[in-house]
Amino acid sequence: MDHWILILGTVLAAIGSVWGMVSVHRGTRSLWTIVWMLAVFVCQLVFLGFRGKEHGTCPLTDHGEILVFLSWALTLFYLLVGSTYRISLLGVFTAPVVTVFQSIALIPGVLDENPQKFTNGSFWHEIHSSTAVLAYGGFALAAVAAVMFLVLDKQLKEHHLKSGLFRNLPPVRELLVSMERLLQIAGTLLTLGIIAGFLMPHDHKALGHLLAAVAVWSGYGFLLGLKLVRGLTGRKLSLSVVIMFILSLGVFAFV
Amino acid sequence: MELLCLGLNHRTAPVEVRERFAVGSTKLGDASIELTAMNGVFEGVVISTCNRTEFYLVATTATEALVLLENHLVEKTQLEHHDQVVPHFYRKQKSEAARHLCRVVSGLDSMMLGETEIFGQVKHAYQSALGAGATSGVLNRLFQRAFGVGKKVRTETRIQEGSTSVGNVAVDLAEKIFGHLKDSEVMILGAGEMSRITAQSLVSRGARSIFVSNRSYDRAEELAKEMGGCAVRFDEWQSVLERVDIVISSTGAPHAIVQRADVEKARRARKYRPLFFIDIAVPRDIDPSVGEIEEVYLYDIDTLEQLADEARARRQKQIEECERIIDAELAKLNLPGT
């Protein structure tokens with residue numbers, strides 16, 4: 001049952017991606033992207049609810065669940081932040097990322113076919129897992145905004161201003177502000193996640209994961225500090241955010 | 001009953017003729033009711049803008065009403081050379097008159113193709129006539145339908161897409177970079193007419209403060225006062241560069257005023273925030289290598305003109321589609337008198 005819900009959510013996200021891209025190509029902004037993403041969000045919630053019930057704990061026990069949780073966090077941030085900062089086009093860029101993550105989760109062997117019941121789950125462990133993955137959702141969305149900035153920056157620099165995408169992209173300054181705010185929110189969540197990680201009972205293997213998380217935290221902290229104190233060009237900030245996000249996914253190799 | 005339209009516009013009459021027939025916006029109702037006082041005329045609406053004056057009438061016979069109207073106008077404007085002025089008028093009857101009104105409301109007959117201001121101006125003229133009791137069944141239906149057609153044309157085609165003047169292109173680009181301009185500061189280098197117009201457009205869209213720098217400090221002060229900004233001595237503009245977001249340059253200097261080194265010097269203090277340069281001077285005021293700086297967006301007069309030309313061409317391509325909508329909507333109307 002849970003697999004079918006995930007397949008449905010992935011198909012909806014794929015339709016949302018195509019719909020969004022067609023709208024952008026036509027030079028219009030479709031509110032349907034938000035509706036599709038809301039439907040995807042419900043499917044993710046139902047899937048994670050099923051898995052959580054089967055595990056008796058936060059559903060972050062294999063790479064498949066982590067990818068779905070990450071997609072859920074990404075969709076949640078899009079629904080909350082996208083409308084707040086009036087960058088609904090973010091959905092057009094978010095939907096393909098969610099489709100890819102969930103498609104990988106559906107590859108046989110990535111999701112545990114027979115979820116086990118955990119009886120020794122710790123409170124701090126659950127806090128660590130959920131806040132850390134939420135933080136990654138924020139970092140992922142910041143990376144999406146960074147890609148949007150890089151596209152817009154290139155078009156403005158080269159005076160290519162006729163495409164539907166150019167007309168629909170939010171202004172440069174709005175993208176930069178959104179990126180910075182997302183990094184701040186995600187950074188705060190990651191701080192909480194790391195503190196909870198050190199408080200939970202952990203073995204030698206988990207220590208490697210926690211140290212990798214600290215390295216990610218330091219990297220983003222340095223980037224934000226640099227932006228705040230010295231300043232950074234939009235292009236350097238965006239490239240750093242994209243590269244940092246790709247590198248930071250390596251943390252999950254330790255799970 | 002027949003519908004007719006008599007009018008002149010920027011294409012058929014020079015300004016010295018147009019101004020003779022212009023009707024003040026507060027007098028449109030009275031002018032409309034005057035039309036209905038003519039023999040055989042039942043309804044009337046007068047539209048008057050800086051580019052056109054048009055009279056829409058519903059009369060027993062269009063040809064007779066046209067003669068009466070021309071005589072009425074000659075008498076009213078006390079023209080001595082009647083024969084020299086009358087050729088400036090265009091005359092449209094029945095369905096042609098209805099079609100013309102729809103084209104006017106849709107901005108297809110405007111000097112700046114697709115402009116939106118005309119919609120409000122026609123609406124005001126119609127409401128004035130309606131308020132004065134100069135309209136009835138035919139013109140009420142016609143104008144209501146024309147407004148519907150105007151809206152449809154604007155929403156279903158790209159007739160108003162893009163900016164068609166250099167100033168508006170620059171302002172649109174500024175909004176694409178900075179979003180709301182209320183948090184943006186502007187510096188003008190050279191107090192010429194083009195910079196003044198562009199800066200005024202930016203201020204009208206909310207730009208926060210204006211700094212004016214000019215070789216003649218008195219001229220800078222004068223323009224700064226006019227725009228509610230501050231004058232800056234010409235040898236001090238580099239220090240202002242640290243805080244502004246948009247620079248409009250239009251000096252008469254024979255060489256580049258803004259060098260790459262000037263901008264490089266200000267980058268750290270600006271914390272590498274985006275900076276938009278609008279160079280409308282010929283020869284150019286801003287060294288092209290300034291545009292190679294990462295956070296700088298540089299547009300010169302040729303690029304802005306090209307963008308405006310492209311927008312105009314895109315609008316031209318939409319005319320056929322607009323005409324198709326107008327014809328389809330008028331066919332549905334089945335209006336008496338057309």
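The values are calculated or read from the model by the stated rules, or taken from the named source; none is laboratory data. Just so it is clear, the structure is predicted and the values come from calculations on it, not from any experiment. Positions of Cβ are generated from backbone atoms using ideal geometry, with glycine treated the same way; all protein chains shown enter the neighbour counts.
Residues in segment A:1-33 that are closer than 15 Å to A:Val97 by Cα, surrounded by fewer than 16 Cβ atoms within 10 Å (Cβ to Cβ) and in contact with a Gly (Cβ under 9 Å, 6 or more places away or on another chain): there are none. Filter segment A:125-155 down to the residues that are of a type in the set (Val, Ile, Thr) and within 30 Å of B:Gly291 (Cβ to Cβ), then identify the one that is nearest to the chain's Cα centre (by Cα). The extreme case among them is A:Val144. Give me the residue from segment B:276-324 that is part of a helix (DSSP H, G or I) and more than 23 Å from the chain's Cα centre (by Cα) and, out of that set, farthest from the other protein chains (Cβ to nearest Cβ). Among those that are part of a helix (DSSP H, G or I) and more than 23 Å from the chain's Cα centre (by Cα), it is B:Arg324. Taken over segment A:206-255, residues that are surrounded by fewer than 18 Cβ atoms within 10 Å (Cβ to Cβ), within 14 Å of chain B (Cβ to nearest Cβ) and part of a loop (DSSP other than H, G, I, E, B) amount to 2.
For segment B:153-194, the set of residues classified as hydroxyl-bearing (Ser, Thr, Tyr) and farther than 20 Å from B:Glu242 by Cα consists of B:Thr155, B:Thr157, B:Ser163, B:Thr164, B:Ser165, listed by residue number. For segment B:55-69, the count of residues that are more than 15 Å from B:Lys94 (Cα to Cα) and not hydrophobic (A, V, I, L, M, F, W, C) is zero.
The listed residues are B:Lys271, B:Lys225, and the only one of them that is assigned by TED's automatic domain parsing to the domain that holds B:Phe178, under 30 Å from A:Gly225 (Cβ atoms) and not hydrophobic (A, V, I, L, M, F, W, C) turns out to be B:Lys271.
Cβ separations smaller than 6 Å between residues 6+ apart or across chains give the following pairs from segment B:173-199 residues that are over 27 Å from B:Glu222 (Cβ atoms) and in the same structural domain as B:Ala224 (by TED's automatic domain parsing) to residues that are acidic (Asp, Glu) and part of a helix (DSSP H, G or I): B:Gly179/A:Glu174.
Scanning segment A:157-205 for residues that are out of contact with any Pro (no Cβ under 9 Å at 6 or more places or on another chain), part of a helix (DSSP H, G or I) and not β-branched (Val, Ile, Thr) yields a count of 26. Helices (runs of 4 or more DSSP H) fully within segment B:1-120 that include at least 3 residues being over 24 Å from the mean Cα position of the chain (by Cα): B:28-36, B:62-77, B:82-85, B:94-105. For segment B:205-248, the set of residues classified as acidic (Asp, Glu) and touching a residue at least 60 places away in the same chain (Cβ under 8 Å) consists of B:Asp245 only.
For segment A:97-124, taking the residues that are of a type in the set (Phe, Trp, Tyr) and either modelled with pLDDT of 85 or more or in contact with a Phe, Trp or Tyr (Cβ under 9 Å, 6 or more places away or on another chain) (or both), the one that is surrounded by the fewest Cβ atoms within 10 Å (Cβ to Cβ) is identified as A:Trp124. Scoring B:Phe143 on the criteria (1) of a type in the set (Phe, Trp, Tyr); (2) surrounded by 21 or more Cβ atoms within 10 Å (Cβ to Cβ); (3) free of Cβ contacts under 8 Å to residues at least 40 places away in the same chain leaves a single failure, condition (3).
Taking segment B:174-262 and the strands (runs of 3 or more DSSP E) fully enclosed by it, the elements with 2 or more residues that are among the β-branched types (Val, Ile, Thr) are at B:185-189, B:209-214, B:246-249. Restrict the check to segment B:83-91 and report whether at least one residue is assigned by TED's automatic domain parsing to the domain that holds B:Val15 and in contact with a Cys (Cβ under 7 Å, 6 or more places away or on another chain). Checked segment B:83-91: no residue is assigned by TED's automatic domain parsing to the domain that holds B:Val15 and in contact with a Cys (Cβ under 7 Å, 6 or more places away or on another chain).
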